[in-house]
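**Student:** Please find one structure pasted underneath; my questions will follow.
The values are calculated or read from the model by the stated rules, or taken from the named source; none is laboratory data. Not measured: the values here are computed from a predicted model. Cβ: placed from backbone, ideal geometry, glycine included. Neighbour counts: every protein chain shown. In case anyone asks, the SASA skips ligands and DNA or RNA and just uses the protein heavy atoms, side chains included. Shrake-Rupley method; radii C 1.70, N 1.55, O 1.52, S 1.80 Å.
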Amino acid sequence: MAAPKIIVLGSLNGQLETALKKLSALHSKNNFSLAILTGDVFTPSTDDESITALLNGTLQVPLPTYFTVASHALPPRIAAKVEADEEICENFHFLGKRSVMKTSDGIRIVTLGGQLDTNLVAGQSKDQHYPLHTADDAKSLRGANSADILLTSMWPAGVWSGSKKALDSAHQSSVAVSTPIADLCTALKPRYHISYSPGPFFYEREPFLHPLEKDSETPSVTRFISMAPYGNENKAKAMYAFTLNKADASIPEDATSSPFNSKMKKRPHSDESYSRYGNDHHDDRHRGRRKKHRHQDPPPGPDQCYFCLSNPNISVHMCCSIGEDAYITTAKGPLPTATTFADQGLSFPGHLIIIPLPHSPTITSMGSVGEAESEAIKAYKEMSRFREAIQTMVATKSSRKLGAITWEISRDRNIHLHWQMVALPADLIRNGVAEAAFRVEAENQSYPKFNAQDIPLEGLPTTGDFFRVWLWAKDSADKIQAKSLVMPLPSDMRFDLQFGRRVLAKLLGLENRLRWQDCEQTVEEETKDVDEFREAFKDWDFTLAE
C-alpha cells in the first residue's frame, strides 16, 4: 500500500464554500487520503446558508476531512449533530475536543482542541464541542502512547527554542502556548504536530529528535507545523501537503534536539495503599492494628492514581488496549504465570485489569445511568465489551478448556474502580466448584452471603456497596455458562481487598502467589506478557478496527 498523502488547511473562519472548492480541485489532481482542518472551521459570524448547504449536502466535502475546535464553539446546528452522535455530512468528521482515533489508512490521530481553561485546576472537561480544555485532558491523552499526527489548538510551550528559524517577537507573543501540550508531544512523539497560527503567518520548525528510548536504535522525529489562516491577506501558507511514510526512519539533516524539557520530577515511591493492584485503602491496610489519631492525606487525584492514564508514572508498557472510555492492562504481580495455562493454549498469565478512563470510585459516581451519553454508561458498556471480548478469546485459544472469572469491588470510598479478570479451567466453573469456593471463603471470613444475581445498570444507584464476581465458561459453539454472584458490603464492614485473588489462588493451587508484591516481574517480562496478549487478542480487539 502506498504511503498516504495528507493535506492540511489553516483556519477557514467560515469560508467553507471557497475552501472546499479549492480542496476539491487539489484532491482531483493529487488523490489525498484525508484532509485536516486546523484552527476554527466556523466562527460566530459564519452565515447560516453555508451551514445549511453543508448539512443538506449541497456543499460537498470531497474527501475524508477531520477537524476540532479552537477558539470558537461549534454552531448550534453542528453541535446538535455532534451531541446526537449523527453524521454532520458525508466525509466531514468532528474529532472531538479530546480523542484518539485511527483512520482507515491506519493513521493514528490524537487530538486536543480548544484553549487551556486555567479556571479548572483538576478534572477532564465534559463538553466535546466547547473550545476549552484542562491540563488533565492533556495528561489523559498521554495514555495513547504514540501518534502519527498530534493535532492541537495551542502551541507546545517553547517549541521555537533551539530553532534557527526565526519567529519574531510579535508572533511569539500572539501565540497561545501550553506546557501540558509540550509534555503531551514529548510523551507521544508524533511524526507531525500540527496547529494553527492566530495571525497571518506560517511556521514550520526544523524537525526535532526525542531522547532515544531504551532498546531503540533510532530516535523518534517530530515535525511541528502551524498553518496561517485560509485566505489571509499576507498570502502566508495556509495549505500544506505531505506524505506520511511510516517506514521512513531516517534522520533529517537539519534536525535539532527536542526543544522540550522532558525530565519529569520523580515522586518518592507511592504509599502501598495507592499502588497498582495492591491494597486500595489506608484503613484496610492496617487491619488488626491500633490506629493512631493523625492527619490522613486526601485520596490521590488522577495525576497520582495508578489506574489513571494521566499519571506520569503509570507503567505504560503494561497497557494492552485503549478504547474511548476504558482500557485494559496486564496485572502487576499476576496470580498465574506465563506457563500456568501453556498446556491449554495461553502463552501469557491470563490476569488482566479492565479500567474505566474516568477517575471515579464507582460507575454511578461517573454520572447518571439514565442518560445514554453519560460517562457512566459509556464506561460501563466499554468495560463490558472488553470483558466479553477477552472471555471469547480465552475460550477460543484454549479450545474451551478455559473460562474466566471477573470480579469488582464497588464502594464509594474506592479510589478508582476496576475489574480484575483471571482465566480458570472451565470445568471448575461448569461443575460449580468455582462458585462454591467463593461462597465457602465468604463463610470462612464471616462475610455476608452471596446472592446469585446480576445488577442491571439501572439498578446500580440503589444497590449500595458490593463485591461482584462473574463466572463464565463456553460449553460449545452456541452454549455458554454464565453466572453472577453479588455480596453486599455494609459501610462499616472491613473487607479483604485480596478476597477475589485469595479464592482464585486456592482454586489454582497458587497460594504461594497470593501477594502480588511477591510476584513482581521485570519490565522485560511484563513487556513480553503484553506482547503475547496483544498477539492473541488482536482478532477480538475492537479498538483496532475503530
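**Student:** Taking a cut-off of 17 Å between Cα atoms, list the aspartates and glutamates near Lys5, but don't count ones fewer than 8 places away on the same chain.
**Tutor:** Reachable aspartates and glutamates: Asp105, Asp148, Asp248.
**Student:** Once both axes come from the Cα atoms, what is the angle between helix 433-444 and the longest principal axis of the chain, in degrees from 0 to 90, rounded to 10?
**Tutor:** 70
**Student:** Expressed in nm to one decimal, what extension gain is obtained for the pair Gln60 and Ile480 from 0.36 nm per residue of sequence separation less their Cα-Cα distance?
**Tutor:** Length difference between fully extended and current span is 146.4 nm.
**Student:** Can you tell me the orientation of helix 179-188 relative to the chain, as the angle in degrees between its alpha-carbon axis and the longest Cα principal axis, to the nearest 10?
**Tutor:** Taking the Cα atoms of the chain, the angle to 179-188 is about 70 degrees.
**Student:** Only bridges whose two residues both fall in region 1-154 count here: according to DSSP, what percent of them are antiparallel, nearest 5?
**Tutor:** Numbers: 6 of 22 bridges.
Taking every DSSP beta bridge within region 1-154, about 25 percent pair in antiparallel fashion.
**Student:** So, with +1 on the Cβ of K and R and -1 on the Cβ of D and E, and no other charges, what is the size of the charge dipole of the chain about its Cα centre, to the nearest 20 debye?
**Tutor:** Using only the charged Cβ atoms, the result is roughly 1140 debye.
**Student:** Then there is this: Calculate what fraction, in whole %, of the accessible area of the chain sits on carbon and sulfur atoms when a 1.4 Å probe is rolled over the protein chains.
**Tutor:** 48
**Student:** Over the heavy atoms of His72, what accessible area does a 1.4 Å probe trace out, to the nearest 10 Å²?
**Tutor:** About 70 Å², ignoring ligands and nucleic acids.
**Student:** Sticking with this structure for a sec: Is the C-alpha gyration tensor of region 173-259 telling us rounded, prolate or oblate? Criteria: a/c under 1.5 is rounded; beyond that, a/b larger than b/c is prolate, otherwise oblate.
**Tutor:** Prolate, because a/c is 1.5 or more and a/b exceeds b/c.
**Student:** What does the net charge come to around Ala536 if you take all other residues with beta carbon closer than 13 Å to its beta carbon, with K and R at +1 and D and E at -1?
**Tutor:** Numbers: positive: Lys397, Lys528, Arg534, Lys538; negative: Asp529, Asp531, Glu532, Glu535, Asp539, Asp541.
Here the charged neighbours net out to -2.
**Student:** Rank-order 414-423, 490-499 by packing density, defined as the average count of other C-beta atoms within 10 Å over each peptide's residues, highest first. Each step should come with its number before you reach the end.
**Tutor:** Numbers: 414-423: 23.1, 490-499: 14.0.
Highest mean packing first, the order is 414-423, 490-499.
**Student:** Kirkwood hydrodynamic radius, region 317-385, all distinct C-alpha pairs: what's the number in Å?
**Tutor:** 13.5 Å is the Kirkwood radius here.
**Student:** If we count every other residue with Cβ under 12 angstrom of Asp254's Cβ, Lys/Arg +1 and Asp/Glu -1, where does the sum land?
**Tutor:** +1
**Student:** With each pseudo-label sitting 7 Å past Cα toward Cβ, what's the Asp539-Glu520 distance in nm, one decimal?
**Tutor:** Calculated label separation equals 3.7 nm.
**Student:** Continuing with this model, one more query. Given 0.36 nm per residue, what is the gain on full extension from Asp454 to Lys29 after removing their alpha carbon distance, in nm?
**Tutor:** Result for the pair: 147.2 nm of gain on full extension.
**Student:** Right, something else. Given labels modelled 7 Å from the Cα in the Cβ direction, how far is it in nm from Lys5 to Thr463?
**Tutor:** 5.4
**Student:** Follow-up question, since we're still on this one. So which aspartates and glutamates pass the test for Lys479, namely a Cα distance under 18 Å, with those fewer than 8 places away in the same chain ruled out?
**Tutor:** Qualifying aspartates and glutamates at Cα under 18 Å: Glu388, Asp427.
**Student:** On to the next question. Could you compute the FRET efficiency for Ser491 and Glu511, with r as their C-beta to C-beta distance and R0 at 41 Å, rounded to 0.05?
**Tutor:** Values: r = 31 Å, r/R0 = 0.75.
According to the calculation, E is roughly 0.85.
**Student:** Only residues of region 190-204 count here: report those whose backbone N is under 14 Å from the spot 7 Å along Cα→Cβ of Ser169, or say none.
**Tutor:** Under cut-off, by backbone N: nothing.
**Student:** Then there is this: Going by Cα centres, region 458-525 and region 143-189 are how many Å apart?
**Tutor:** 44
**Student:** Can you give the angle from 0 to 90° between the axis of helix 523-537 and the longest principal axis of the chain, with both taken from C-alpha atoms, to the nearest 10?
**Tutor:** So the inclination is approximately 80 degrees.
**Student:** Also, I was wondering about something else. Show me the GluC sites (Glu not before Pro) within region 450-533 that DSSP assigns to loop and that have at most 13 other Cβ atoms within 10 Å of their Cβ.
**Tutor:** Values: sites: Glu458, Glu511, Glu520, Glu524, Glu525, Glu526, Glu532; in loops: Glu520.
Qualifying residues, ordered by number: Glu520.
**Student:** Still on this structure: Tell me the Kirkwood hydrodynamic radius of region 1-106 in angstroms, computed as one over the mean inverse distance between distinct C-alpha pairs.
**Tutor:** That comes to 14.3 Å for region 1-106.
**Student:** With the other protein chains left in place, how much accessible area per residue, in square angstrom, belongs to region 87-242 at a 1.4 angstrom probe? Mind showing how you got there, number by number?
**Tutor:** Details: 6460 Å² over 156 residues.
About 41 Å² of surface per residue is accessible.
**Student:** Using just the helices of the chain, give the 222 nm mean residue ellipticity in deg cm²/dmol: DSSP H runs with n ≥ 4 each add -39,500 (n - 2.57), and the total is spread over all residues, rounded to 500. Display every interim value, and only then the final one.
**Tutor:** Working: 12 runs with 123 residues, N = 546.
So the helix-based figure for the chain works out to -6500 deg cm²/dmol.
**Student:** Within 10 Å, count the other beta carbons around each residue, average over each peptide in 235-244, 202-211, and list them highest first.
**Tutor:** Those peptides, ordered most packed to least, come out 202-211, 235-244.
**Student:** Measuring with a 1.4 Å probe in the full set of protein chains, what accessible area per residue, in whole Å², belongs to region 476-517? If you can, show how the numbers build up before the last one.
**Tutor:** Values: 2130 Å² over 42 residues.
Spelled out: the 1.4 Å probe surface of region 476-517, per residue, equals 51 Å².
**Student:** How many angstrom separate the Cα center of region 198-243 from the Cα center of region 385-444?
**Tutor:** Cα centres, region 198-243 to region 385-444: 48 Å.
**Student:** How do Trp540, Trp516 rank by accessible surface area computed with a 1.4 Å probe, from largest to smallest? Please list the in-between numbers first.
**Tutor:** On the way: Trp540 65, Trp516 15 Å².
Highest to lowest solvent-accessible surface, that is Trp540, Trp516.
**Student:** By residue number, which cysteines of the chain lack any other Cys whose Cβ falls under 4.7 Å from their Cβ?
**Tutor:** Cysteines lacking a close Cβ partner in the chain: Cys89, Cys185, Cys319, Cys320, Cys519.
**Student:** Also: First check a/c for region 467-531, with a ≥ b ≥ c the square roots of the eigenvalues of its C-alpha gyration tensor; if it is under 1.5, answer rounded, and if not, answer prolate when a/b is larger than b/c or oblate otherwise.
**Tutor:** Working: a/c = 2.20, a/b = 1.10, b/c = 2.01.
Oblate, because a/c is 1.5 or more while a/b does not exceed b/c.
**Student:** Which is farthest toward the positive dipole end of region 13-149 among Pro131, Met101, Leu59, measuring Cα position about the Cα centre, with Cβ charges +1 (Lys, Arg) and -1 (Asp, Glu)?
**Tutor:** Of the options given, the answer is Met101.
**Student:** Below 11 angstrom from the Cβ of Ala426, what's the summed charge of the other residues (Lys, Arg +1; Asp, Glu -1)? If you can, show how the numbers build up before the last one.
**Tutor:** Details: positive: Arg400, Lys401, Arg430, Lys474; negative: Asp427, Asp475.
Surrounding charge for Ala426 is +2.
**Student:** From the P(r) of the chain, could you give the percentage of C-alpha pairs in the tail past 38 Å?
**Tutor:** The share of Cα pairs beyond 38 Å in the chain comes to 35 percent.
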